[in-house]
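Okay, so here's the structure we're looking at.
The values are calculated or read from the model by the stated rules, or taken from the named source; none is laboratory data. Model, not experiment: these values are computed from the prediction. Virtual Cβ from ideal backbone geometry, glycine too; neighbours counted across all protein chains shown.
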Amino acid sequence: MTTTAHASVAQAEIGRIEDAEGYIASICFKTGPPASLGVEIEHLVHVADHPSRPLGAAALTALLPSRPLGPGGQVTLAVPPQPDLERLHEAGHAALDRLDLDVTRSGLRLAGFGIDPHRAPRRVLSSPRYRAMAAAFARRGGDGRTLMYSAAGLRPLLPAGPAKELPARWAAVHELGPILLALFANSPVHAGRDTGWASTRMRAWYGIDPARAGALPTGPDPAAAWARYAVRAPLLCVRRPGASWNVPAGVTFADWIGGALSRRPTFDDLDYHLRTLFPLVRPGGHLEVRYLDAQPGGDWFAPVAVLSALVSDPATVEAARDLAAPTVGRWVEAARYGLTDASIAAGVLPVADLALRVLERDGLPGPLVEEVQGAIESRFRRANML
């Protein structure tokens, strides 16, 4: 499609819900080769010698002028997709080293946690989107504010794989979630207080409207399921001239198609709407896993490698799903208790062992396998499992 033709489609109005669903289903998964792996590494930033000191937008953008920032001042590092784990490790560590150097030179420090251990939620950056997001989240309480201003995540971007393998792969990434969330939970302290949750970040996640941020249905047709979910999800905002992008509570994209707002949505509006949905796994060509806490330093690689290994081929997917079956759906227990939940902990060891065996089988260099194993073992030691 030419650039002109693409622009024409983007600006075309959507007249039927079926048209929106068909469009979403056609773009949400890029199946087949070439496969690539990516990762988005998000970090909270503190003043090095005074981590509880608030950071203002002007100061933070002056100190890190070339870095994309979130509403709470989070720094996001998007590592370009790579053809394999070894090259992703190299690219990710090089990018993180450069970020760490920029941050250190500015008198700052990367926090390395999934929630701010020192500061209460506080807005740093403002924009029409962020203001609309804050207004929408506030309707359900303060959890959305915590996520916007105090949380940081690690987001592996996994290939969708061949079309015939997608349903099992999609299901596996969800079914393994409680085990991997518990294994890599890294946000027990928020604003100076032990919260009693292994992943306080995920505790806040549960306070967001599940129509925007819940677990998606799994089944034989993930694309159709995502399309139905997305079209019936509430609008976060509508882009328009001026400072306010707010929308009335409860208006869904389907309602917008039906005439609920002053104009009909376009396919460009639909593309933007998809980027305002935050399910635990979001399809965007790849599988964007959103349930993992930010990790300290180079520890980001271990959860990415484990997930990649567990969905690497149909036999491994089947084995991983069998191992995860007893903990399917136990998201809250995983976030609250982490590896101290006996039933979840019982599933972690065999799942981790399977991942390590697959990484060795598939030729990941020994030092990188040892790095992953060391990161896993450190989690076990913390939970007194070794």
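Residues checked against (1) more than 26 Å from Arg193 (Cα to Cα); (2) in a loop (DSSP other than H, G, I, E, B); (3) small (Gly, Ala, Ser):
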| position | (1), (2), (3) |
| --- | --- |
| Leu101 | yes, no, no |
| Arg109 | no, no, no |
| Pro121 | no, yes, no |
| Val124 | no, yes, no |
| Ala132 | yes, no, yes |
| Leu147 | no, no, no |
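Conditions (1) aliphatic (A, V, I, L, M); (2) within 20 Å of the chain's Cα centre (by Cα); (3) in a helix (DSSP H, G or I); (4) buried (at least 21 other Cβ atoms within 10 Å of the Cβ), marked per residue:
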| residue | (1), (2), (3), (4) |
| --- | --- |
| Asp299 | no, yes, yes, no |
| Leu307 | yes, yes, yes, yes |
| Ala320 | yes, no, yes, yes |
| Glu333 | no, yes, yes, no |
| Ser343 | no, no, yes, no |
| Glu360 | no, no, yes, no |
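Looking at region 349-356, can you tell me whether even one residue there is under 18 Å from the mean Cα position of the chain (by Cα), touching a residue at least 60 places away in the same chain (Cβ under 8 Å) and under 24 Å from Pro188 (Cβ atoms)? Let's see the steps before the verdict.
Kept after step one, since they are under 18 Å from the mean Cα position of the chain (by Cα), are these residues of region 349-356: none.
No, region 349-356 has no match at all.
If we keep just the residues of region 218-244 that are basic (Lys, Arg) and more than 16 Å from Ala20 (Cβ to Cβ), which is nearest to the chain's Cα centre (by Cα)?
Checked region 218-244; the qualifying residue nearest to the chain's Cα centre (by Cα) is Arg239.
Can you find a residue that is within 16 Å of Leu88 (Cβ to Cβ) and in a loop (DSSP other than H, G, I, E, B) anywhere in region 311-318? Break it down stepwise before answering.
To start, the set of residues in region 311-318 that are within 16 Å of Leu88 (Cβ to Cβ) comprises 311-312.
Next, only the ones that are in a loop (DSSP other than H, G, I, E, B) stay: 311-312.
Taking every residue of region 311-318 in turn, at least one turns out to be within 16 Å of Leu88 (Cβ to Cβ) and in a loop (DSSP other than H, G, I, E, B).
Among the listed residues Ala198, Ala215, Ala211, identify the single one that is within 20 Å of the chain's Cα centre (by Cα) and buried (at least 19 other Cβ atoms within 10 Å of the Cβ). Explain how you work it out, then say what you get.
On the way: Ala215 fails: buried (at least 19 other Cβ atoms within 10 Å of the Cβ); Ala211 fails: buried (at least 19 other Cβ atoms within 10 Å of the Cβ).
None of the others qualify; the one that does is Ala198.
Within region 269-288, is there a residue that is surrounded by 14 or more Cβ atoms within 10 Å (Cβ to Cβ), more than 26 Å from the chain's Cα centre (by Cα) and modelled with pLDDT of 95 or more?
Restricting attention to region 269-288, the residues satisfying the condition of being surrounded by 14 or more Cβ atoms within 10 Å (Cβ to Cβ) are 269-270, 272-274, 276-288.
Checking which are more than 26 Å from the chain's Cα centre (by Cα) leaves us with none.
No, every residue in region 269-288 fails to be surrounded by 14 or more Cβ atoms within 10 Å (Cβ to Cβ), more than 26 Å from the chain's Cα centre (by Cα) and modelled with pLDDT of 95 or more.
Do the conditions hold for Ala160, that is, is it outside any strand (DSSP E or B), over 20 Å from Val332 (Cα atoms) and touching a Leu at 6+ places or on another chain (Cβ under 7 Å)? Full working, then the answer.
Numbers: outside any strand (DSSP E or B): yes; over 20 Å from Val332 (Cα atoms): yes; touching a Leu at 6+ places or on another chain (Cβ under 7 Å): yes.
Judged against the criteria, Ala160 is a match.
Within region 172-210, how many residues turn out to be under 12 Å from Leu280 (Cα atoms), touching a residue at least 24 places away in the same chain (Cβ under 8 Å) and not in a loop (DSSP other than H, G, I, E, B)? Outline the logic, then answer.
Filtering region 172-210 down to residues under 12 Å from Leu280 (Cα atoms) leaves 173-178, 181, 202, 205-206, 208, 210.
Checking the rest, the ones that are also touching a residue at least 24 places away in the same chain (Cβ under 8 Å) come to 173-178, 181, 202, 205-206, 208.
Now narrow it down to the ones that are not in a loop (DSSP other than H, G, I, E, B): 173-175, 177-178, 181, 202, 205.
Going through region 172-210 one residue at a time, the tally reaches 8.
Scanning region 23-51 for residues that are of a type in the set (Asp, Glu) and not in a loop (DSSP other than H, G, I, E, B), which turns out farthest from Gly297 (Cα to Cα)?
Pass one, region 23-51, residues of a type in the set (Asp, Glu): 40, 42, 49.
Right, trim to not in a loop (DSSP other than H, G, I, E, B) and you get 40, 42.
Numbers: Glu40: 14, Glu42: 11 Å.
Across region 23-51, the extreme among qualifying residues is Glu40.
Mind checking whether some residue in region 172-186 is more than 30 Å from Lys30 (Cβ to Cβ), at pLDDT 95 or above and surrounded by fewer than 21 Cβ atoms within 10 Å (Cβ to Cβ)?
No - not one qualifying residue is present in region 172-186.
Out of Ser126, Ser66, I need the residue that is over 16 Å from Glu42 (Cα atoms), polar (S, T, N, Q) and surrounded by fewer than 17 Cβ atoms within 10 Å (Cβ to Cβ). Which one?
Numbers: Ser66 fails: over 16 Å from Glu42 (Cα atoms).
The match here is Ser126.
Being under 21 Å from Phe380 (Cα atoms) and either among the aliphatic types (A, V, I, L, M) or part of a strand (DSSP E or B) (or both), is that true of even one residue in region 269-292? Before the answer, list the steps.
Looking only at region 269-292, we keep the residues that are under 21 Å from Phe380 (Cα atoms), and these are 291-292.
Now restrict to residues that are either among the aliphatic types (A, V, I, L, M) or part of a strand (DSSP E or B) (or both): 292.
Yes - at least one qualifying residue is present in region 269-292.
Kindly indicate the residue of region 283-296 that is touching a helix residue (DSSP H, G or I) at 6+ places or on another chain (Cβ under 8 Å) and of a type outside the set (A, V, I, L, M) and also nearest to Gly374 (Cα to Cα) among those meeting that condition.
Gln295
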